[in-house]
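Asks: Please read through the structure below; I'll follow up with questions.
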Amino acid sequence: MILKGVKVTLRPVRLDDAPRFVKWFNDPEVNKFLFYRSLTLSQERKIIREKLQKQTKQSTHFCIDTKSGVHIGVTSFDSIRERNKNATWGIVIGDKRYWSQGYGTEAMSLMFEYGFKKLKLHRIEFDVYRYNKRAIGLYKKLGCKIEGIKREHNFWNGKYWDTYQMGILDKEWKG
Ligand SMILES: CC(C)(COP(=O)(O)OP(=O)(O)OC[C@H]1O[C@@H](n2cnc3c(N)ncnc32)[C@H](O)[C@@H]1OP(=O)(O)O)[C@@H](O)C(=O)NCCC(=O)NCCS
């Protein structure tokens, strides 16, 4: 499956994407926003292999490429729960040179359109660290709401920080 936008194309993850994921997930300026804080190449290859096998009804992962074919990030639905029609979503623009230029907005829009229209999801949800102002700004811009707070859930830079639980319903998605 390939999802095409104006600035980005979302395409399936391949095993040879692994070195870029490792670079991004080991970069402290990137991984301060992520669940992963460090990762070896062999761990990443194992994760990709497992995800490719699971790439069924339960999860779906896309690499984010620019129009000129530069791989800059990844976005996914994990744990697609068929009965309740909801899923957990995530995004990383791992190449910092591409931050704040609209790539995340378009990749997220393509994914949510796919989630609500193709997968017929009723609800999409995700967590975000409270100090991740850019991500929270983006998510609110596209209609997501803060639904809960996990107090002092994330340890970073010598102290505990809250994590927001965010979500959006199909009727709130404006496309
Ligand atoms: C978060 C991320 C996906 C955003 O993608 P991006 O391409 O950098 O962001 P965009 O340029 O598309 O949109 C940024 C939007 O965020 C908001 N924003 C940016 N900086 C902000 C700030 N300091 N405070 C509040 N909102 C801000 C604005 O709404 C902006 O949209 P606008 O330019 O139309 O006003 C990307 O920066 C990223 O992957 N960062 C590192 C990993 C990460 O944080 N992943 C998410 C984990 S939950």
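Please treat every number below as a calculation from the coordinates, not as lab data. Quick caveat: nothing in here was measured; it's all calculated off a predicted structure. As a convention, Cβ positions derive from the backbone with ideal geometry for all residues, glycine included, and neighbour counts pool all protein chains shown.
Asks: Projected onto the charge dipole of segment 35-119 (+1 at Lys/Arg Cβ, -1 at Asp/Glu Cβ, origin at the Cα centre), which of 110, 93, 59 gives the Cα projection farthest towards the positive end?
Replies: 59
Asks: Separate question: Calculate the length of the line joining the C-alpha centroid of segment 55-99 to that of segment 131-171, in whole Å.
Replies: Distance between centres, Cα-based: 18 Å.
Asks: As a check on your grasp of the helix formula, calculate [θ] at 222 nm for the chain: sum -39500 (n - 2.57) over DSSP H runs of n ≥ 4, divide by the residue count, round to the nearest 500.
Replies: Values: 5 runs with 46 residues, N = 175.
Calculated from helices alone, the mean residue ellipticity at 222 nm is -7500 deg cm²/dmol.
Asks: Next question. Which lysines does residue 7 reach when only Cα atoms under 19 Å apart count, and residues fewer than 8 places away in its own chain are ignored?
Replies: The qualifying lysines are 67, 96, 141.
Asks: Follow-up question, since we're still on this one. Give me the lysines in straight-line cross-link reach of residue 159: C-alpha distance below 20 Å, same-chain residues under 8 apart excluded.
Replies: Cα-Cα hits under 20 Å: 32, 133, 150.
Asks: Continuing with this model, one more query. With +1 on each Lys and Arg Cβ and -1 on each Asp and Glu Cβ, and nothing else charged, work out how big the dipole of segment 3-126 is about its Cα centre, in Debye to the nearest 20. Please report the intermediate quantities before stating the final value.
Replies: Numbers: 24 positive and 13 negative charges, 79 e Å.
Result for segment 3-126 is approximately 380 debye, rounded to the nearest 20.
Asks: I need the fraction of alpha carbon pairs in segment 3-126 separated by more than 26 Å, rounded to a whole percent. Could you put the intermediate results ahead of the total?
Replies: Values: 1304 of 7626 pairs.
The share of Cα pairs beyond 26 Å in segment 3-126 comes to 17 percent.
Asks: Add +1 for every Lys or Arg and -1 for every Asp or Glu among the other residues with Cβ under 10 Å from the Cβ of residue 166, and state the total. Intermediate values should be presented prior to the final figure.
Replies: On the way: positive: 140, 145; negative: 125, 127, 147.
That sum, taken over residues with Cβ under 10 Å, equals -1.
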